[in-house]
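Worksheet: one structure, shown below.
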Amino acid sequence: MIPWVEKYRPRRLKDVAGNPGAVRIIANWGEEWQRGIPEKRALLLYGPAGVGKTSVALALAEELGYDSIELNASDTRTYGVINRIVGAASKQGSLRPGDGKKVIILDEVDGIHGRAEYGGLRALKKWVQETYHPMVLIANDPYILPREFRELTKMVQLKRINQRTVLRVLKDICRKEGIKTDERVLKIIATNANGDLRAAINDLQALTEGRKTLRLQDIDILTIRDSELRIFDTLIRILKTDSCDRALEAVRESGEEPDVIMKWIQENLPREYEDPEDLAKAFERLSKADIYMGRIRRRQAWNLLPYAIDMFSAGVALAKKHRYRKFVRYQYPTLFSLYARTKKTRALADSIAAKIKGARETVNEKVHVSKKVAKEEFFPLLRAVFNQDPAKGAEIASELGLDLEEIKFFTANDRLAQRIHEEARRITAARLRERMRGGRQVLLSEFQAPGK
Ligand SMILES: Nc1ncnc2c1ncn2[C@@H]1O[C@H](COP(=O)(O)OP(=O)(O)OP(=O)(O)O)[C@@H](O)[C@H]1O
Ligand SMILES: [Mg+2]
């Protein structure tokens, strides 16, 4: 089944929802390219996830009738590719307008700075001054990049899509898919997405999977809206403090359901805690809390509630070695993680859990992990690792033999999943090659039980 975010990706600039001013600037810049070479040869398109940055770049190419090539700035192979494209054109002299031009789309340029990739930045600087092909650079946070670089580009911001616009897009999709729904339901999805149109569309698809009507009672989430402010406050108080009492007090005073607070913490923990050790520890406690919560739900074991609360509030608060002094824009948990326990996700979760269980048993036959434990204890941790440390994520994905769909289950966006997937395949291939090259030793060490 084709994901709706792909099916309904805007093909032309006029189909792009929201940000009309920015889209107009981009269209004008495109027209300049059809007449010659504009003053700024590269666009620096920036804004939060899921607002259409990549889509706009692709639509622009479509609009101009140029081919496009999408590359990722943190992939080292990218540099050779762009060098070839940009270099070839400048040797030929300027291309005639419209002649074999390509829109070069370079994603995650904010990722190259701050790492060892100064060389990358230097190359980028050269290209944006010399290219005869329109370049669209994409970033979430362009201010990480040095000013003198930014000034070489035409900066255009895409902002969060406002709720009315998100609602309009959702309605439109429902109409095209023949889905009957209550406007209130769509409003809830729109509010919850918080300006991320991709999240809204994904939520809609997940919630309507296998049905043609979606009613209010199907999603039972009205609490979200009323408690929005309160929950942000609770979250800040728990994640920012290093006092046990204050964390507990935050839960007491919040008046929100414990399992809702817990989902919010789960979603936002990786945004607040940076140190992997802090994160691991916090997630461990969170997953304990989750296990208690499960028992409470299944067996009405209310006596466990204080332990669950301790774990996800004070436990999480004290998991950090020091407080993080920074501003974090906390995110709404996706409806997906909150309520959409659809058949497809359940099946996906099951297959991943089975792989974790399988891997565990190969390593050490005495460790028997049930699929349930695999889910409860490993999933939150994997989610953190995949989003915080994609390189590590790739190793794990390779180890477990996760496929792309399974990786997507853990990542915040599909692009990241693709990157991890590619890297994982590279690791697996390298390991296989190693093995074929007389790797008895490799095999042995691989199957040794941990801790021996
Ligand atoms: N402004 C928009 N108009 C129409 N559809 C949109 C818009 N923004 C996002 N979408 C939908 O969400 C999907 C993902 O959008 P896109 O990949 O362009 O986001 P992005 O801003 O590049 O996100 P990221 O920062 O995660 O790469 C699109 O395929 C489309 O279905
Ligand atoms: Mg993108």
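The values are calculated or read from the model by the stated rules, or taken from the named source; none is laboratory data. All of these numbers come straight from a predicted model, not from anything done at the bench. Cβ coordinates were reconstructed from backbone atoms using ideal geometry, including for glycine residues, and neighbour counts include every protein chain displayed.
Filtering the range 132-180 down to residues that are in contact with a Ser or Thr (Cβ under 8 Å, 6 or more places away or on another chain) and over 28 Å from Leu204 (Cβ atoms), which residue is surrounded by the most Cβ atoms within 10 Å (Cβ to Cβ)? Break it down into steps so the answer makes sense when it comes.
Step one: filter the range 132-180 for residues in contact with a Ser or Thr (Cβ under 8 Å, 6 or more places away or on another chain), giving 132, 137-138, 163, 174, 177, 179-180.
Restricting the remaining residues to those that are over 28 Å from Leu204 (Cβ atoms) gives 132, 137.
Details: Tyr132: 21, Leu137: 29.
Going through the qualifying residues, I end up with Leu137.
Pairing each residue of the range 12-34 that is closer than 19 Å to Arg198 by Cα with any residue that is surrounded by fewer than 20 Cβ atoms within 10 Å (Cβ to Cβ) and among the hydroxyl-bearing types (Ser, Thr, Tyr), provided the two are 6+ apart or on different chains, yields C-beta distances under 6 Å for Ala17/Thr165; Gly18/Thr165. Just one of the listed residues (Val56, Val5) is closer than 15 Å to Pro134 by Cβ and within 16 Å of ligand 2 (Cβ to nearest atom), and it is Val56.
From the list Gly100, Gly114, exactly one residue is modelled with pLDDT under 85 and farther than 30 Å from Gly36 by Cα. Which is it?
Working: Gly100 fails: farther than 30 Å from Gly36 by Cα.
When all the criteria are applied, what remains is Gly114.
For the range 243-302, the set of residues classified as in contact (Cβ under 8 Å) with a residue 12 or more places away in the chain and in a loop (DSSP other than H, G, I, E, B) consists of Ser243, Gly255, Glu256, Glu257, Tyr273, Glu274, Asp275, listed by residue number. Name every residue in the range 146-165 that is touching an Asp or Glu at 6+ places or on another chain (Cβ under 9 Å) and free of Cβ contacts under 8 Å to residues at least 40 places away in the same chain, in order of residue number. The answer is none; no residue qualifies. For the range 323-345, the set of residues classified as modelled with pLDDT of 55 or more and in a loop (DSSP other than H, G, I, E, B) consists of Arg323, Tyr324, Arg325, Lys326, Phe327, Val328, Arg329, Tyr330, Gln331, Tyr332, Pro333, Thr334, listed by residue number. From the list Ser94, Ser55, the lone residue that is in a loop (DSSP other than H, G, I, E, B) and either modelled with pLDDT under 90 or under 29 Å from Asn162 (Cα atoms) (or both) is Ser94. Working carefully through the options Arg415, Arg419, Arg433, Arg383, find the one that is of a type outside the set (S, T, N, Q), assigned to a helix (DSSP H, G or I), modelled with pLDDT of 65 or more and farther than 26 Å from Ile138 by Cβ. Just a single option satisfies the conditions, and that option is Arg433. Just so you know, in the range 28-53 the residues that are within 26 Å of the chain's Cα centre (by Cα) and of a type in the set (A, V, I, L, M) include one that is farthest from ligand 2 (Cβ to nearest atom), and it is Ala42. Of the helices (runs of 4 or more DSSP H) that lie entirely inside the range 136-210, those containing 2 or more residues that are within 11 Å of ligand 1 (Cβ to nearest atom) and not acidic (Asp, Glu) span 163-177, 197-208. Considering only the range 302-322, I want to know if a residue exists there that is surrounded by fewer than 19 Cβ atoms within 10 Å (Cβ to Cβ), at pLDDT below 85, farther than 23 Å from Val385 by Cβ and not polar (S, T, N, Q). Scanning the range 302-322, I find no residue that is surrounded by fewer than 19 Cβ atoms within 10 Å (Cβ to Cβ), at pLDDT below 85, farther than 23 Å from Val385 by Cβ and not polar (S, T, N, Q), so the answer is no. More than 8 Å from ligand 1 (Cβ to nearest atom) and polar (S, T, N, Q) - does that describe any residue in the range 45-62? Within the range 45-62, not a single residue is more than 8 Å from ligand 1 (Cβ to nearest atom) and polar (S, T, N, Q).
Here's the yes/no breakdown for (1) within 16 Å of ligand 2 (Cβ to nearest atom); (2) more than 27 Å from the chain's Cα centre (by Cα):
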{"position": "Lys126", "(1), (2)": "no, yes"}
{"position": "Leu137", "(1), (2)": "yes, no"}
{"position": "Asn140", "(1), (2)": "yes, no"}
{"position": "Leu145", "(1), (2)": "no, no"}
{"position": "Glu148", "(1), (2)": "no, yes"}
{"position": "Gln157", "(1), (2)": "yes, no"}
{"position": "Asn162", "(1), (2)": "no, no"}
{"position": "Leu170", "(1), (2)": "no, no"}
{"position": "Asp182", "(1), (2)": "no, yes"}
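Specify which of the listed residues (Ile2, Ile85) is surrounded by fewer than 16 Cβ atoms within 10 Å (Cβ to Cβ) and either assigned to a helix (DSSP H, G or I) or modelled with pLDDT under 95 (or both). First the steps, then the outcome.
Values: Ile85 fails: surrounded by fewer than 16 Cβ atoms within 10 Å (Cβ to Cβ).
Just one listed residue meets the conditions, Ile2.
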